[in-house]
Amino acid sequence: NFNIVGFGAYHGSQKTEDVELNIFKSILKKTPIKFYLPETDFSIAHYFNVYLKTGDTILLKDLVTQYGIRVPQERTIEVYNKWKKLKKINDNLPQKEKIQIVGIDLQVNNKYVSKHILEIVKNPNNQFSILNEINEMVKIDSTSYSTKSTSYSSKLLMKFVSDYKNNKEIYEKNISNKFEFNHILKNLKISFSKKSEREK
């Protein structure tokens, strides 16, 4: 028992973000908005939720930069400002009516999925060497994080998926959120496939 409101963004217009905010405000006068599904992947959406909770504008700037890799329209100051305004709107909502960001798109890039994995998989005594490698990649932060199979980050994430498959029992004890982890794995497998189609 719910409604879905779809908004077809007019790419190339800086007014798109203003219209989107006006739609939010208009709907919120009548009813809460439970989920917001921007055109992004699961892990970038996860970190947009982190931004809405913390107000970390350095995180927001990077999220907008990474988010806009697929659609350059999203890599603008207007999008950055939209998220800041959306945070103000969200801050004024009662706790049980806060908006949750959900990403259902294919992987945009590998940066935030790598950070997400490091957040939910513990690595006691550095027993997972592949997690150390991913951590080092994120720490140095000089790769492109391209989802192309030939990229360094993709090869590292493929290695991680394979390591998990071979050591599932050990990993299982160190995963703090199994739902998120399984969803990330599913997304990664889809992004590794040459036949992956966004619409499906």
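The values are calculated or read from the model by the stated rules, or taken from the named source; none is laboratory data. If you're wondering where the values come from, they're calculated on a predicted model, not measured in any experiment. Note that we place each Cβ from the backbone using ideal geometry, even for glycine, and neighbour counts take in every protein chain shown. When the accessible area is computed, the model is the full protein with side chains, heavy atoms only, and any ligands, DNA or RNA have been set aside. Shrake-Rupley method; radii C 1.70, N 1.55, O 1.52, S 1.80 Å.
Residues of region 98-140 that are charged (D, E, K, R) and modelled with pLDDT of 95 or more: Lys98, Lys111, Lys115, Glu119, Lys122, Glu133, Glu136, Lys139. Scanning region 67-87 for residues that are open to solvent by 20 Å² or more (accessible area, probe 1.4 Å) and within 20 Å of Tyr145 (Cα to Cα) gives Ile69, Arg70, Pro72, Gln73, Arg75, Thr76.
Look at region 13-40: where a residue is touching a residue at least 60 places away in the same chain (Cβ under 8 Å) and surrounded by 12 or more Cβ atoms within 10 Å (Cβ to Cβ) and a partner is of a type in the set (Gly, Ala, Ser) and not in a helix (DSSP H, G or I), sitting 6+ places away or on another chain with Cβ atoms under 9 Å, you get Thr16/Ala9; Glu17/Ala9; Glu20/Ala9; Leu37/Gly103; Pro38/Gly103; Glu39/Ala9; Glu39/Gly103; Thr40/Gly103. When region 142-167 is filtered for residues that are part of a loop (DSSP other than H, G, I, E, B), open to solvent by 20 Å² or more (accessible area, probe 1.4 Å) and more than 20 Å from Phe42 (Cα to Cα), the ones remaining, listed by number, are Ser142, Thr143, Thr150, Asn167. Filter region 107-141 for residues that are part of a helix (DSSP H, G or I) and more than 24 Å from Lys178 (Cα to Cα); which is farthest from the chain's Cα centre (by Cα)? This residue is Ile140. Answer yes if at least one residue in region 43-59 is at pLDDT 95 or above, farther than 23 Å from Glu119 by Cα and not acidic (Asp, Glu), and no otherwise. No, there is no match, as no residue in region 43-59 is at pLDDT 95 or above, farther than 23 Å from Glu119 by Cα and not acidic (Asp, Glu). Against the conditions (1) touching a residue at least 24 places away in the same chain (Cβ under 8 Å); (2) in contact with a helix residue (DSSP H, G or I) (Cβ under 7 Å, 6 or more places away or on another chain), Tyr80 satisfies every one except (1). Of the conditions (1) surrounded by 19 or more Cβ atoms within 10 Å (Cβ to Cβ); (2) over 12 Å from the mean Cα position of the chain (by Cα); (3) among the polar types (S, T, N, Q); (4) closer than 20 Å to Gln14 by Cβ, Asn90 satisfies every one except a single condition; which number is it? Single failed check for Asn90: (4). For region 40-76, a residue qualifies if it is of a type in the set (D, E, K, R), in a helix (DSSP H, G or I) and farther than 26 Å from Gly12 by Cβ, and exactly one does: Lys53. Scoring Asp56 on the criteria (1) within 30 Å of Tyr152 (Cα to Cα); (2) in contact (Cβ under 8 Å) with a residue 24 or more places away in the chain; (3) surrounded by fewer than 19 Cβ atoms within 10 Å (Cβ to Cβ); (4) not aliphatic (A, V, I, L, M) leaves a single failure, condition (2). Looking across region 168-200, just one residue is out of contact with any strand residue (DSSP E or B) (no Cβ under 8 Å at 6 or more places or on another chain), surrounded by 12 or more Cβ atoms within 10 Å (Cβ to Cβ), among the polar types (S, T, N, Q) and at pLDDT 95 or above, and that is Asn177.
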